[in-house]
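First comes the structure, then the notes that go with it.
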Amino acid sequence: MMDRHMPTVWGGTPLTVVMPTYNEAANLPRMAELVMSLALPGLHLKIVDDSSPDGTGRIAEELAEKYNADGQRRMSVLHRTAKDGLGRAYVAGMTAALDEGAAFVMQMDADGSHPVEAVPRMLDTALATGAGFVVGSRYVEGGSLAEDWPWHRQLLSRFANRYARTILGVKIRDITAGFNLWNARTLRKLDMAVMDSAGYSFQVELKYRAVRAGHRGVEIPIRFEERTEGVSKMSLSTQFESALVPLRLRLRLRNR
């Protein structure tokens with residue numbers, strides 16, 4: 001078990017939480033409060049907003065002003081001009097985090113599904129193991145899904161993971177997970193600018209590229225919750241893209 005006093009030792013590690021948003025006005029204030037309350041003085045929250053029509057970008061700016069009031073730049077907002085896909089939003093935010101000197105970069109949803117309290121544990125795991133990335137996993141021992149997740153979504157999630165793992169030949173049990181902590185050195189070597197995935201399949205492609213390049217991933221168990229407000233952005237088109245990406249990656253590997 002992680003020592004509760006450990007954050008005083010490594011809590012100043014430069015860590016940027018990248019949180020893409022689109023119409024998350026109802027969730028963002030609570031999520032920002034939870035992230036900002038972590039006992040990690042080296043943490044920075046970066047919101048990447050795709051011109052949300054519900055005012056999420058404006059709310060993000062107001063929150064940044066609030067959390068930066070003491071003169072420290074603890075939160076920032078990256079505004080994009082259009083809804084251009086989760087993958088591209090992450091590339092923009094993670095690239096900015098690296099340029100600003102982050103030693104670790106965390107991917108986190110804005111809908112409340114990822115347990116904020118697991119962030120220190122994931123950072124501790126990364127530092128203790130030297131792993132290239134740490135996955136907050138639903139499908140390792142101790143991991144779970146909220147009981148109120150619809151059965152068809154649970155079935156789809158488990159199938160998508162098994163499907164991608166089988167086609168790509170990787171052992172990460174939750175390869176589709178969106179709650180990931182990356183060592184900055186790993187991200188710099190992967191060259192995110194050449195990523196093919198615009199949508200949710202970005203999660204699969206980035207992990208696959210990391211494993212193929214020899215970077216070790218570690219999974220730790222989390223409980224994945226249902227979103228607290230709003231509706232899921234997972235459309236039929238994003239599901240179709242997610243199904244095609246593992247095949248494309250596999251074919252590209254065979255052609256080399």
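The values are calculated or read from the model by the stated rules, or taken from the named source; none is laboratory data. Predicted model, so just to flag it, every value in this text is computed and none were measured. Quick reminder, even Gly has a Cβ in these numbers, built from the backbone with ideal geometry, and neighbours come from all protein chains shown.
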| field | Odd one out for Lys207, checked against (1) part of a helix (DSSP H, G or I); (2) farther than 27 Å from Leu45 by Cβ; (3) in contact with a Phe, Trp or Tyr (Cβ under 9 Å, 6 or more places away or on another chain); (4) basic (Lys, Arg) | value | (2)
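Checking the structure you have, find out if any residue of segment 107-118 is under 20 Å from Gly199 (Cα atoms) and in a helix (DSSP H, G or I).
No, there is no match, as no residue in segment 107-118 is under 20 Å from Gly199 (Cα atoms) and in a helix (DSSP H, G or I).
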| request: Take segment 141-199 and flag every residue that is modelled with pLDDT under 90, in a loop (DSSP other than H, G, I, E, B) and among the charged types (D, E, K, R). | output: Glu147, Asp148, Asp191, Asp196
| helices (runs of 4 or more DSSP H) (entirely within segment 1-81) containing at least 2 residues that are modelled with pLDDT of 95 or more and not hydrophobic (A, V, I, L, M, F, W, C) | 28-36, 56-67
| request: Just one of (1) touching a residue at least 24 places away in the same chain (Cβ under 8 Å); (2) under 18 Å from Arg30 (Cα atoms) trips up Arg80, so point out which. | output: (2)
| task | Evaluate segment 47-60: report whether one residue or more is surrounded by fewer than 20 Cβ atoms within 10 Å (Cβ to Cβ) and either without any contact (Cβ under 8 Å) to a residue 24 or more places away in the chain or among the hydrophobic types (A, V, I, L, M, F, W, C) (or both). | result | yes
| query | Among the candidates Thr166, Thr129, which residue alone is farther than 24 Å from Pro20 by Cα, surrounded by fewer than 21 Cβ atoms within 10 Å (Cβ to Cβ), free of Cβ contacts under 8 Å to residues at least 24 places away in the same chain and of a type in the set (S, T, N, Q)? | reply | Thr166
| Any residue in segment 215-224 that is crowded, with 16+ Cβ neighbours inside 10 Å, part of a loop (DSSP other than H, G, I, E, B) and either under 17 Å from the mean Cα position of the chain (by Cα) or modelled with pLDDT under 90 (or both)? | yes
